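Structure first, then comments.
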Amino acid sequence: MGVVSYNYESTSSVAPARLFKAFVLEADKAWPIAAPRAIKSIEVEANPGPGSIVKVNFVEGHPFQYMKHHIGGHDENKFSYSYSLIEGGPLGDKLEKINYENKFEVAVGGGSVCKSSMKFYTVGDYVITKDEIKALIKGSEGVYKAIEAYLLANPDACN
């Protein structure tokens, strides 16, 4: 097993507190509404806190049927959260899991910057390439941008 780290940043005109709420605290409600072409539903075991398992179900025709996240934790004051993709989605037979540490920060001039640190745990001798990582990020950016658009169009959502 190998481990490959990758850092990524994405900007938004939405404030960090609202993005954090949409992605962490109210994901089970916000994601299916904001991204109905990708997300069918989200199932949360207990509350979306540390140790919980969150299952993201995708719509029919999506490349993946579902994926499961193990919640590491979150800090509502720092707008940060961590989780591991442990089942389904892009893992296949080449990736054991993907760990994510994300933080929404205030951007210069307003809005926010989402800083993501990812660790890809590979199976056997498999080596994931930067192009493969970028393709995975591009796929998740569609949901990110849909949630951002939803928040911009609905100023009372996730406040």
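Close Cβ contacts (under 7 Å, 6 or more residues apart or on different chains) running from residues in segment 142-157 that are farther than 16 Å from residue 10 by Cα to residues that are part of a helix (DSSP H, G or I) and open to solvent by 80 Å² or more (accessible area, probe 1.4 Å) comprise 150/33.
Is it true that residue 60 is more than 18 Å from residue 98 (Cβ to Cβ) and under 15 Å from the mean Cα position of the chain (by Cα)?
No, not satisfied.
In segment 100-114, how many residues are acidic (Asp, Glu) and touching a Lys or Arg at 6+ places or on another chain (Cβ under 6 Å)? Final tally of qualifying residues: 0. Residues in segment 102-116 that are small (Gly, Ala, Ser) and either closer than 14 Å to residue 91 by Cβ or over 19 Å from the mean Cα position of the chain (by Cα) (or both): 107, 109, 110. Filtering segment 117-151 down to residues that are among the hydroxyl-bearing types (Ser, Thr, Tyr) and either part of a helix (DSSP H, G or I) or open to solvent by less than 20 Å² (accessible area, probe 1.4 Å) (or both), which residue is farthest from residue 89 (Cα to Cα)? Ranking the candidates gives 150 first. Note on segment 109-129: residues that are of a type in the set (D, E, K, R) and either modelled with pLDDT of 95 or more or touching a Gly at 6+ places or on another chain (Cβ under 6 Å) (or both) total 2. Residue 105 meets the conditions (1) at pLDDT 95 or above; (2) out of contact with any helix residue (DSSP H, G or I) (no Cβ under 7 Å at 6 or more places or on another chain) in every case but one. The failed one is (2). Give the residue that is surrounded by the fewest Cβ atoms within 10 Å (Cβ to Cβ), with candidates limited to residues of segment 91-116 that are closer than 19 Å to residue 140 by Cα and of a type in the set (Gly, Ala, Ser). My answer is 92.
The values are calculated or read from the model by the stated rules, or taken from the named source; none is laboratory data. All figures in this text were calculated on a predicted structure; none of them were measured in a lab. Ideal geometry is used to build each Cβ from the backbone, glycine not excepted, and the neighbour counts take in all protein chains shown. Please note that ligands, DNA and RNA were not included when accessible areas were found on the heavy atoms of the full protein model with its side chains. Shrake-Rupley method; radii C 1.70, N 1.55, O 1.52, S 1.80 Å.
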